[in-house]
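Quick notes on the structure that follows.
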Amino acid sequence: MIRYQLVCKKDHAFEGWFRDSTAYDTQAKKGLLACPTCNSKQVKKAPMAPAVSKKGELAEAAVKAKAMREWVSNVRKHVEKNAEYVGEKFPDEARAIHYGDAEERQIYGEATVEDAKELIEEGIPVAPLPSLPRADS
């Protein structure tokens, strides 16, 4: 795994983890990278100082990375097992549930950043579902 410090066109800084430098290049070329703050697809690597680690630190980092991947995977599996997938209808269905126009239940689906912001402004609790990059990207 490799970690890059990334920055979008609006200077929002965030980090991204990739299988290797080729995975970053491939995702960047396909426009698959997006800023988690503003959803901008104009993302580039920010200058970084090289990290020089000792063997023990590398092993510890690998253990932590593995634990984080397992946690993300388990959260996603829990949601998929215990909630209904509503796809692109998520914003409308979340509103219907919140305002009592639909049966109360746990749901997950797709929403744009703008849709999510509007739901939050309306007092509807939403959160992004963590995911891992696909192994073939």
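The values are calculated or read from the model by the stated rules, or taken from the named source; none is laboratory data. Predicted model, so just to flag it, every value in this text is computed and none were measured. Please note: Cβ atoms are built from the backbone with ideal geometry, for glycine as well, and neighbour counts cover all protein chains shown.
Key figures for this structure:
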quantity: Test: residue in the stretch 111-121 that is assigned to a loop (DSSP other than H, G, I, E, B) and under 30 Å from residue 1 (Cα atoms); calculated: yes
quantity: Filtered residues of the stretch 91-137 (kept if among the aromatic types (Phe, Trp, Tyr) and either assigned by TED's automatic domain parsing to the domain that holds residue 41 or more than 17 Å from the chain's Cα centre (by Cα) (or both)); calculated: 99
quantity: Options 60, 93, 70, 80: the member that is touching a strand residue (DSSP E or B) at 6+ places or on another chain (Cβ under 6 Å), of a type outside the set (Ser, Thr, Tyr) and assigned to a helix (DSSP H, G or I); calculated: 93
quantity: Tally, over the stretch 1-29, of residues that are farther than 24 Å from residue 116 by Cα and without any contact (Cβ under 8 Å) to a residue 12 or more places away in the chain; calculated: 3
quantity: Residue within the stretch 60-81 that is touching a Ser or Thr at 6+ places or on another chain (Cβ under 9 Å), on the phi > 0 side of the Ramachandran plot and surrounded by 11 or more Cβ atoms within 10 Å (Cβ to Cβ) present; calculated: no
quantity: Residue satisfying condition, being more than 30 Å from residue 107 (Cα to Cα), out of contact with any His (no Cβ under 7 Å at 6 or more places or on another chain) and of a type in the set (Gly, Ala, Ser), within set 34, 83, 28; calculated: 28
quantity: Some residue of the stretch 28-36 being surrounded by 11 or more Cβ atoms within 10 Å (Cβ to Cβ), assigned to a helix (DSSP H, G or I) and within 20 Å of the chain's Cα centre (by Cα); calculated: yes
quantity: Members of the stretch 85-137 found to be of a type in the set (Gly, Ala, Ser) and over 26 Å from residue 73 (Cα atoms), listed by number; calculated: 96, 100, 102, 123
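Table: residues versus (1) within 30 Å of residue 67 (Cβ to Cβ); (2) surrounded by 15 or more Cβ atoms within 10 Å (Cβ to Cβ).
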| position | (1), (2) |
| --- | --- |
| 94 | no, yes |
| 97 | no, yes |
| 101 | no, no |
| 104 | no, no |
| 107 | yes, yes |
| 110 | yes, no |
| 116 | yes, yes |
| 122 | no, no |
| 131 | yes, no |
